[in-house]
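The values are calculated or read from the model by the stated rules, or taken from the named source; none is laboratory data. What you are looking at is a predicted structure, and each value in this text was computed from that prediction instead of being measured. Cβ atoms come from the backbone with ideal geometry, glycine included; neighbour counts cover every protein chain shown. These area figures cover heavy atoms from the full protein model, side chains too; ligands, DNA and RNA do not enter into them. Shrake-Rupley method; radii C 1.70, N 1.55, O 1.52, S 1.80 Å.
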Amino acid sequence: LAKTTQPISMDSYEGQEVNITCSHNNIATNDYITWYQQFPSQGPRFIIQGYKTKVTNEVASLFIPADRKSSTLSLPRVSLSDTAVYYCLVWDSNYQLIWGAGTKLIIKP
Amino acid sequence: NAGVTQTPKFRVLKTGQSMTLLCAQDMNHEYMYWYRQDPGMGLRLIHYSVGEGTTAKGEVPDGYNVSRLKKQNFLLGLESAAPSQTSVYFCASSLAGPSYEQYFGPGTRLTVT
């Protein structure tokens with residue numbers, strides 16, 4: 001079974017760039033790595049996904065090294081509304097869905 | 001377009017009681033999922049469905065059953081509730097497999113006493 005590791009919590013300030021890294025081993029070689037955001041009392045919401053190298057959308061970037069043993073979610077110029085829990089999601093080599101335990105991000109004014 | 005809805009939002013059960021959680025999606029998605037989320041933890045997949053009439057076990061299927069008689073609905077049943085099943089239950093759907101964006105419902109908070 002794949003194992004994922006994320007920092008439990010992080011603090012930052014408005015306007016800063018925040019990078020959250022998820023380590024994952026034994027993941028499927030041909031599938032995406034996905035990140036979700038969750039606010040209290042809500043279901044998770046898709047942010048971004050990638051297979052390798054770098055992906056960017058209107059809210060975030062995702063960096064995945066060639067060995068795919070980690071991925072880094074980058075949030076540019078965060079605001080107070082980015083305070084949430086962020087999860088990585090991978091498939092393991094046995095095609096089981098594995099969610100990270102989540103990183104609680106707190107943005108301060 | 002309601003997206004994914006879940007019924008009920010809250011429920012309290014006594015040990016040994018049974019109940020069914022209903023999930024409905026109006027996006028014509030093939031895949032549907034049931035997860036549980038315990039305090040301070042990530043999501044764990046209970047069961048999922050790859051299409052009408054098909055279901056499969058996830059990471060933590062014991063004590064739960066599911067049915068997908070209609071494409072838009074996915075039911076999660078607890079036959080004999082236990083305190084260990086106290087959790088928040090989320091339903092999700094995706095157009096195709098889990099690598100596609102999953103759309104989540106608002107959750108059902110279940111307490112078993």
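When only residues in region B:36-87 that are exposed (fewer than 15 other Cβ atoms within 10 Å of the Cβ) and touching a residue at least 60 places away in the same chain (Cβ under 8 Å) count, which is farthest from the other protein chains (Cβ to nearest Cβ)?
Result: B:Ser80.
Do we find a residue being closer than 28 Å to B:Val88 by Cβ, in a loop (DSSP other than H, G, I, E, B) and away from every other protein chain (no Cβ under 14 Å) anywhere in region A:65-78?
Yes - at least one qualifying residue is present in region A:65-78.
Please specify each residue of region A:10-31 satisfying the condition of being at pLDDT 90 or above and under 22 Å from B:Phe104 (Cβ atoms).
Hits for region A:10-31 are A:Ile20, A:Cys22, A:His24.
Considering only region B:1-32, state which residues are β-branched (Val, Ile, Thr) and part of a strand (DSSP E or B).
Within region B:1-32, B:Val4, B:Thr5, B:Thr7, B:Val12, B:Thr20 qualify.
Of all residues in region B:26-35, which are open to solvent by 40 Å² or more (accessible area, probe 1.4 Å) and either among the hydrophobic types (A, V, I, L, M, F, W, C) or in contact with a Phe, Trp or Tyr (Cβ under 8 Å, 6 or more places away or on another chain) (or both)?
B:Met27, B:Tyr31
Run down A:Tyr32, A:Tyr36 and say which single residue is open to solvent by 70 Å² or more (accessible area, probe 1.4 Å) and either touching a Leu at 6+ places or on another chain (Cβ under 9 Å) or touching a residue at least 60 places away in the same chain (Cβ under 8 Å) (or both).
Of the residues listed, the single one that is open to solvent by 70 Å² or more (accessible area, probe 1.4 Å) and either touching a Leu at 6+ places or on another chain (Cβ under 9 Å) or touching a residue at least 60 places away in the same chain (Cβ under 8 Å) (or both) is A:Tyr32.
Among (1) in contact with a Ser or Thr (Cβ under 8 Å, 6 or more places away or on another chain); (2) buried (at least 20 other Cβ atoms within 10 Å of the Cβ); (3) assigned to a loop (DSSP other than H, G, I, E, B), where does A:Cys22 come up short?
Checking A:Cys22 against (1) in contact with a Ser or Thr (Cβ under 8 Å, 6 or more places away or on another chain); (2) buried (at least 20 other Cβ atoms within 10 Å of the Cβ); (3) assigned to a loop (DSSP other than H, G, I, E, B), the one that fails is (3).
What number of residues within region A:78-108 satisfy the criterion of being more than 13 Å from the chain's Cα centre (by Cα), modelled with pLDDT of 95 or more and open to solvent by 60 Å² or more (accessible area, probe 1.4 Å)?
Count: 4.
Could you list all residues from region A:64-77 that are under 11 Å from the mean Cα position of the chain (by Cα) and either among the polar types (S, T, N, Q) or open to solvent by 50 Å² or more (accessible area, probe 1.4 Å) (or both)?
Correct list: A:Ser70, A:Ser71, A:Thr72, A:Ser74.
Does at least one position in region A:25-42 carry a residue that is closer than 26 Å to B:Ser87 by Cβ, in a loop (DSSP other than H, G, I, E, B) and of a type in the set (Phe, Trp, Tyr)?
Scanning region A:25-42 turns up at least one residue that is closer than 26 Å to B:Ser87 by Cβ, in a loop (DSSP other than H, G, I, E, B) and of a type in the set (Phe, Trp, Tyr).
Could you say whether any residue in region B:94-108 is surrounded by 14 or more Cβ atoms within 10 Å (Cβ to Cβ), over 21 Å from A:Thr34 (Cβ atoms), modelled with pLDDT of 95 or more and within 11 Å of chain A (Cβ to nearest Cβ)?
Looking through region B:94-108, at least one residue is surrounded by 14 or more Cβ atoms within 10 Å (Cβ to Cβ), over 21 Å from A:Thr34 (Cβ atoms), modelled with pLDDT of 95 or more and within 11 Å of chain A (Cβ to nearest Cβ).
May I ask you to list the residues in region B:33-58 that are over 21 Å from A:Trp99 (Cβ atoms) and assigned to a strand (DSSP E or B)?
Residues satisfying the conditions are B:Gly51, B:Thr54.
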